[in-house]
Amino acid sequence: MTLHTVNKSPFETNSLETCLRLVRSGHNVLLFEDGVYGASKGTRFEALLTEAMQSCKIHVLLPDFEARGMSIDSLISGIETVDYAGFVNLVTENERVQAWL
Amino acid sequence: MEEDGGVTKKFLYVNRRAPYGSIYALESLEVVLIGAAFEQDVSLAFIDDGVYQLKKSQSTDGIGMKNFSPTYNALGDYDINKIYVDKDSLEQRGLTLDDLMNLTWEDENDNYAEKPSISLVNSEELAVLMEQQDIILSF
């Protein structure tokens, strides 16, 4: 298993789109820093995220999401929230980390 | 130029980055506030991820960074009340005007009535606005 991390807004770079195009079934994706904007409902990336979640698990770093004025209510359903300890767990549970900068 | 040497120019600050992920948003705000002391004709535009700077309910307790969003509320006190938000950028992000902070200013020519500072603009209006400026600073 691989942990894919995305830390840039999907509107700023195509990192999230490329990540989700190349992610394999069963992999984990973590959105953090400005990457968390991709986890929010109602953006033009919502369908892409929802589709990706059929084969892989998507996580969002909650402190980064909340810092930006987003609440759990605005999180796309199915995305799991993690705290910093959860981030560390993801890193240790996966065999490698692929950072999409 | 006026007799006392004061020159007023039209300044537009263009903000296109989200807060916290980089230093651009905070630095822009610092420059805007410093510039305000020179009594220039200042406008702010928020485009692309820049619209996220004005998102309500920012709470940075969990990330150990200063939440500088309340500072935008002070802009009205510095006579900065022309804040333009790109409607397309807002809509693409699933946001509406209600998701943004309610920034206001007091109109001293209208019995200090509190008025909204933010205007939603379309691409055409934004293009015209940019064309009217003497100086455009991008962040």
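Where a number appears in this text, it was derived from the coordinates with a stated rule and is not lab data. What you are looking at is a predicted structure, and each value in this text was computed from that prediction instead of being measured. Ideal geometry is used to build each Cβ from the backbone, glycine not excepted, and the neighbour counts take in all protein chains shown.
At-a-glance table
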{"quantity": "Number of the condition not met by residue B:15 [criteria: (1) out of contact with any strand residue (DSSP E or B) (no Cβ under 6 Å at 6 or more places or on another chain); (2) within 22 Å of residue B:126 (Cβ to Cβ); (3) within 14 Å of chain A (Cβ to nearest Cβ)]", "calculated": "(1)"}
{"quantity": "Contacts under 7 angstrom Cβ, first residue in region A:66-83 being under 14 Å from residue B:94 (Cβ atoms), partner among the polar types (S, T, N, Q) and in a loop (DSSP other than H, G, I, E, B), 6 or more apart", "calculated": "A:68/B:58; A:69/B:57; A:69/B:58; A:71/B:57"}
{"quantity": "Residue satisfying all of: in region B:93-139; within 20 Å of residue B:76 (Cβ to Cβ) and in a helix (DSSP H, G or I); nearest to the other protein chains (Cβ to nearest Cβ) among these", "calculated": "B:99"}
{"quantity": "Any helices (runs of 4 or more DSSP H) falling wholly within region A:3-95 and containing at least 1 residues that are among the β-branched types (Val, Ile, Thr)", "calculated": "A:15-22, A:46-52, A:84-93"}
{"quantity": "The one condition in (1) crowded, with 17+ Cβ neighbours inside 10 Å; (2) over 26 Å from residue B:70 (Cβ atoms); (3) out of contact with any strand residue (DSSP E or B) (no Cβ under 6 Å at 6 or more places or on another chain) that residue A:30 fails to fulfil", "calculated": "(3)"}
{"quantity": "Extreme residue, surrounded by the most Cβ atoms within 10 Å (Cβ to Cβ), among residues of region B:82-91 that are charged (D, E, K, R) and assigned to a helix (DSSP H, G or I)", "calculated": "B:87"}
{"quantity": "Lone unmet requirement of (1) touching a residue at least 40 places away in the same chain (Cβ under 8 Å); (2) among the acidic types (Asp, Glu); (3) within 11 Å of chain A (Cβ to nearest Cβ); (4) surrounded by fewer than 17 Cβ atoms within 10 Å (Cβ to Cβ) for residue B:79", "calculated": "(3)"}
{"quantity": "So residue B:89, is it over 21 Å from residue B:125 (Cβ atoms) and either within 12 Å of chain A (Cβ to nearest Cβ) or more than 11 Å from the chain's Cα centre (by Cα) (or both)", "calculated": "no"}
{"quantity": "Condition check for residue B:42: hydrophobic (A, V, I, L, M, F, W, C), within 17 Å of the chain's Cα centre (by Cα) and assigned to a helix (DSSP H, G or I)", "calculated": "no"}
{"quantity": "Leading residue by the ranking (nearest to the other protein chains (Cβ to nearest Cβ)) among those in region A:2-34 that are on the phi < 0 side of the Ramachandran plot, touching a Gly at 6+ places or on another chain (Cβ under 8 Å) and not polar (S, T, N, Q)", "calculated": "A:34"}
{"quantity": "Single unsatisfied condition, residue B:31 versus (1) touching a residue at least 60 places away in the same chain (Cβ under 8 Å); (2) at positive phi", "calculated": "(2)"}
